[in-house]
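Worksheet: the structure to be examined is printed underneath.
The values are calculated or read from the model by the stated rules, or taken from the named source; none is laboratory data. Computed from a predicted model, the values in this text were never measured in an experiment. Don't worry about glycine lacking a Cβ; one is built from the backbone with ideal geometry, like all the others, and counts go over all protein chains shown.
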Amino acid sequence: MTTLTVPSKTPAATATAPASPGRQALDSALFRLDQAADRLELDDNLRAMLATPRRSLTVSVPVRREDGRMDVVQGFRVQHNTTRGPAKGGIRFHPRTDVHEVTALAMGMTWKCALAGIPYGGAKGGVSVDPASLSARELERVTRRYVNEVLPIIGPERDVPTPDVGTDERTMAWIMDTYSVNAGYPVPGVTIGGPVTPGGAPDRAGATSRGVRVAALRALGGSPEGRTVAIQGFGKVGAPAARYLADAGCLVVAVSDRTGAVIDRSGLDVDDLRAWSEETGGVRGYRRADALSQEELLELDVDVLVPAAMEGAITEENATRVRAGLVVEGASSPTTPGADRVLADAGVTVVPDILANAGGVIVSYLEWLQDMQARSWSAREVDARLRGIVEDAFDTTAQVAAECGITLRQAAHVIGVGRVAEAHRARGLHS
Ligand SMILES: NC(=O)C1=CN([C@@H]2O[C@H](COP(=O)(O)OP(=O)(O)OC[C@H]3O[C@@H](n4cnc5c(N)ncnc54)[C@H](OP(=O)(O)O)[C@@H]3O)[C@@H](O)[C@H]2O)C=CC1
Ligand SMILES: O=C(O)CCC(=O)C(=O)O
């Protein structure tokens with residue numbers, strides 16, 4: 001169990017030794033909670049409960065390599081809060097994943113679900129491994145072993161994983177299979193976001209990106225026609241977001257991934273770029289566009305910047321060079337609190353992660369609802385409901401921001417944290 005202290009008013013990352021990226025992400029999350037708690041005038045007991053994960057499991061995952069060697073990596077599942085409903089959140093495979101990062105992400109899920117008004121708590125999982133360095137069989141062994149270790153705390157009624165960075169439909173299928181073998185009967189509801197068969201939800205892939213599009217268009221106001229967009233990250237969130245924004249009439253002019261960045265001021269052919277990336281392993285070298293550096297992409301003079309890669313991409317240092325008027329956070333926590341201040345002072349609007357990337361968990365919820373009610377909505381109906389929930393959350397957030405004279409991120413946290421605090425009070429866990 002990781003015990004966190006009540007958040008301090010200044011991020012602990014300012015202490016002597018540089019904190020790990022995961023620790024910095026957690027400090028940012030605690031800072032934002034602290035700000036919201038101040039506005040809501042929460043007492044110290046409630047603050048301590050909200051700053052502390054309800055359950056935090058760290059496991060050792062032995063990986064038998066193809067050459068017979070055995071590596072041992074760490075895996076995590078953190079359930080930050082389950083007061084409003086079962087825990088919900090993705091699983092990421094990334095070499096720098098640690099318990100702090102997973103805790104920060106789980107906390108973000110709690111506020112995200114509350115802001116969207118869906119009856120889930122927040123969780124996240126991770127394994128500190130680089131999936132690109134493993135064979136398919138090694139990856140399957142890591143996944144199955146990780147599931148065996150976290151099995152006591154996941155399940156359809158308690159905590160349901162989905163894909164995140166470095167995991168995908170195939171990972172979800174292995175999780176579902178391992179869980180079902182242990183249960184002795186098929187349990188398709190233990191994951192959402194697996195392949196359509198067995199037990200996968202056809203609308204989940206791309207749902208986060210559809211939510212990004214809804215949030216971006218709401219924030220832009222007016223016609224999206226010809227508005228320029230740069231996207232950092234061309235994975236499960238970034239690539240479909242490029243497609244959906246282009247479909248809406250925007251010009252996606254630049255895209256980056258870990259291999260590099262490319263730009264075409266007249267608008268990239270998103271499908272062609274995706275085909276190139278799938279064929280060659282990345283966007284670098286794409287012949288129908290010019291190359292630029294990953295850092296330059298963040299500083300382009302565009303209407304919309306969509307960070308859709310990792311935490312901490314926009315810092316206090318590079319935020320001064322951001323020229324986009326609107327930042328729509330597809331990624332989790334891509335902007336540091338220091339960068340928030342710089343962007344706010346420069347008049348840049350930031351649609352925060354817990355609002356902009358909520359589309360995935362919203363569609364997870366819609367799939368869960370359909371299963372529970374043994375009914376089936378068309379993709380169009382699911383999409384309309386997704387749009388309605390994101391637009392409502394956006395409008396409520398914008399209204400609170402305007403009334404209180406605060407940023408969209410601060411408003412989103414006031415709403416999300418406030419709803420969870422209210423649920424604690426209603427359940428009598430705290431007076
Ligand atoms: N998947 C989902 O449904 C949801 C995801 N999110 C968040 O969205 C973000 C992305 O997740 P997802 O798309 O699933 O992850 P993926 O692993 O599918 O994609 C991540 C992308 O980011 C790129 N990337 C990594 N580092 C950099 C960098 N320094 N510069 C540019 N690009 C980089 C990767 O490049 P490469 O391909 O070369 O490795 C890849 O294209 C994460 O923060 C995640 O938590 C939030 C809500 C839901
Ligand atoms: O669909 C889900 O359960 C959660 C998706 C997720 O991990 C996220 O929103 O960050």
Of the residues that make up the range 218-231, is at least one surrounded by fewer than 24 Cβ atoms within 10 Å (Cβ to Cβ), touching a residue at least 60 places away in the same chain (Cβ under 8 Å) and in contact with a Phe, Trp or Tyr (Cβ under 8 Å, 6 or more places away or on another chain)?
-> yes
Filtered residue count, the range 409-431, keeping only those that are surrounded by 14 or more Cβ atoms within 10 Å (Cβ to Cβ) and either of a type in the set (S, T, N, Q) or in contact (Cβ under 8 Å) with a residue 60 or more places away in the chain (or both) | 15
The correct count of residues that are assigned to a helix (DSSP H, G or I) and of a type outside the set (Gly, Ala, Ser) in the range 128-163 is 18
Scan the range 347-376 for residues that are away from ligand 1 (no atom under 16 Å from the Cβ), of a type outside the set (Lys, Arg) and farther than 21 Å from GLY330 by Cβ and report the count.
-> 8
Would you check which residues across the range 356-381 are more than 10 Å from ligand 2 (Cβ to nearest atom) and in contact with a Pro (Cβ under 9 Å, 6 or more places away or on another chain) and list them?
-> ASP371, ALA379
Going by the conditions given, is VAL302 among the aliphatic types (A, V, I, L, M) and away from ligand 1 (no atom under 11 Å from the Cβ)?
-> yes
Name the residues in the range 246-262 that are surrounded by 19 or more Cβ atoms within 10 Å (Cβ to Cβ) and within 15 Å of ligand 1 (Cβ to nearest atom), would you?
-> VAL252, ALA254, VAL255, SER256, ASP257, ALA261, VAL262
Taking the range 99-118 and keeping residues within 11 Å of ligand 2 (Cβ to nearest atom) and in a loop (DSSP other than H, G, I, E, B) leaves ILE118
Among the residues listed as SER56, SER60, the single one being surrounded by fewer than 19 Cβ atoms within 10 Å (Cβ to Cβ), assigned by TED's automatic domain parsing to the domain that holds ARG141 and outside any loop (DSSP other than H, G, I, E, B) | SER60
Any pair with Cβ under 6 angstrom, 6 or more apart, that starts in the range 160-175 at a residue that is touching a residue at least 24 places away in the same chain (Cβ under 8 Å) and farther than 17 Å from ASN148 by Cα and ends at one that is more than 13 Å from ligand 2 (Cβ to nearest atom) and assigned to a helix (DSSP H, G or I) = GLY166/PRO131
Is there a residue being away from ligand 1 (no atom under 14 Å from the Cβ) and either in contact with a Lys or Arg (Cβ under 8 Å, 6 or more places away or on another chain) or not assigned by TED's automatic domain parsing to the domain that holds LEU151 (or both) anywhere in the range 88-96?
-> no
Taking GLU279 as the residue in question, decide whether it is modelled with pLDDT of 95 or more, in a loop (DSSP other than H, G, I, E, B) and among the acidic types (Asp, Glu).
-> no
Hey, ARG96 surrounded by fewer than 18 Cβ atoms within 10 Å (Cβ to Cβ) and either under 19 Å from the mean Cα position of the chain (by Cα) or not in a strand (DSSP E or B) (or both) or not | yes
What is the residue count in the range 164-174 for residues that are part of a helix (DSSP H, G or I) and crowded, with 24+ Cβ neighbours inside 10 Å?
-> 2
Total residues in the range 213-254, condition in contact with a Cys (Cβ under 6 Å, 6 or more places away or on another chain) and in a helix (DSSP H, G or I) | 0
ALA261, sole failed condition from (1) part of a strand (DSSP E or B); (2) more than 29 Å from THR97 (Cβ to Cβ) = (2)
Of these, GLY238, GLY193, which one is touching a strand residue (DSSP E or B) at 6+ places or on another chain (Cβ under 7 Å), within 13 Å of ligand 1 (Cβ to nearest atom) and at pLDDT below 95?
-> GLY193
Going through (1) away from ligand 2 (no atom under 16 Å from the Cβ); (2) within 29 Å of LEU355 (Cα to Cα) one by one, SER133 fails only at (2)
Listed by first then second residue, the pairs whose first member lies in the range 89-100 and is over 13 Å from ALA123 (Cβ atoms), whose partner is assigned to a loop (DSSP other than H, G, I, E, B) and within 11 Å of ligand 1 (Cβ to nearest atom), with beta carbons under 6 Å and at least 6 positions apart or on separate chains, are PHE93/GLY166; PHE93/THR167; HIS94/VAL165; HIS94/GLY166; PRO95/ASP130
